[in-house]
Each structure stands twice: as C-alpha cells, then as structure tokens.
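Colleague: Dropping a structure here in structure tokens format, bear with me for questions.
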Amino acid sequence: MVRVEGLQDRVALVTGAGRGIGLRIAQVLSANGARVAALDLIPPDEPGLLAIEADASDEAAVAAALTPVLTSLARQLLADLYPSVRY
C-alpha cells in the first residue's frame, strides 16, 4: 500500500475513477484518510468512496456532480478552509 502523509480528512474529487488508474488513485487516497468522491460514467462500487455518475468531458455534468460532493463533504471543506471556526 502506498502511504501518503497529510491526507487525513482532506477532500478529493477523482475523475475517471470507475476503473484503472483513476480507481487506484481513489483507493489510495481513501486508504490514506481522504474523503473521496469518485466520478465516472460508470462509478465504482467501492466502500469508502462517494460514487458519482457523470461525464468528466461535460462541463455542465461536472458542475452538477459537485452538488452531492459539496452536500456530503462540505463540512470538511469548510473545516479545512476555516480551521479556527468550530462546526
């Protein structure tokens, strides 16, 4: 397993995460403590990943896909952006 420091509770959006390298990147990020949204036409069914079905080549689809990411992971995003504020 690849170890990466400093990812605990960080938020990552990985495109092309349905298979291959994109899936492996999502798995490694998740295994190292990141909260991962995995976006693909056929999203992965993997524990620990927020699977989102979308076409990464379609700007509007990616923008729409950000809604569930922000809804599910926004609390951590806010905590990262404003560490002095308690949520």
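Colleague: Lys and Arg at +1, Asp and Glu at -1: add these up for the other residues within a Cβ distance under 12 Å of GLY16 and post the number.
Modeller: Residues close to GLY16 contribute a combined charge of 0.
Colleague: Under a Cβ-Cβ cut-off of 15 Å, what is the net charge of the residues other than GLY48 that fall near it, where Lys and Arg count +1 and Asp and Glu count -1?
Modeller: Residues near GLY48 contribute 0 overall.
Colleague: Next question, about the same structure. Amide H neighbours of ALA51 under 5 Å, counting only residues 5+ apart in sequence or on other chains, H built in-plane at 1.01 Å?
Modeller: For ALA51, the qualifying residues are ALA38.
Colleague: Spelling out what I want: for every residue of region 30-38, take phi, set θ = phi - 60°, compute 6.51 cos²θ - 1.76 cosθ + 1.60 (Karplus), and round to whole Hz; glycine and proline get x.
Modeller: So the Karplus estimates, Gly and Pro as x, are 5, 4, 9, x, 6, 9, 10, 9, 10 Hz.
Colleague: Suppose the Debye formula is applied to equal point scatterers at every Cα of region 11-81; what is log10 I(q)/I(0) at q = 0.14, 0.16, 0.19, 0.27 Å⁻¹?
Modeller: -0.37, -0.49, -0.68, -1.22
Values in this text are rule-based calculations from the coordinates and carry no lab data. Bear in mind the structure is a predicted one, so any value in this text is a computation, not a measurement. Every residue, glycine among them, receives a Cβ derived from its backbone with ideal geometry; neighbour counts consider all protein chains shown.
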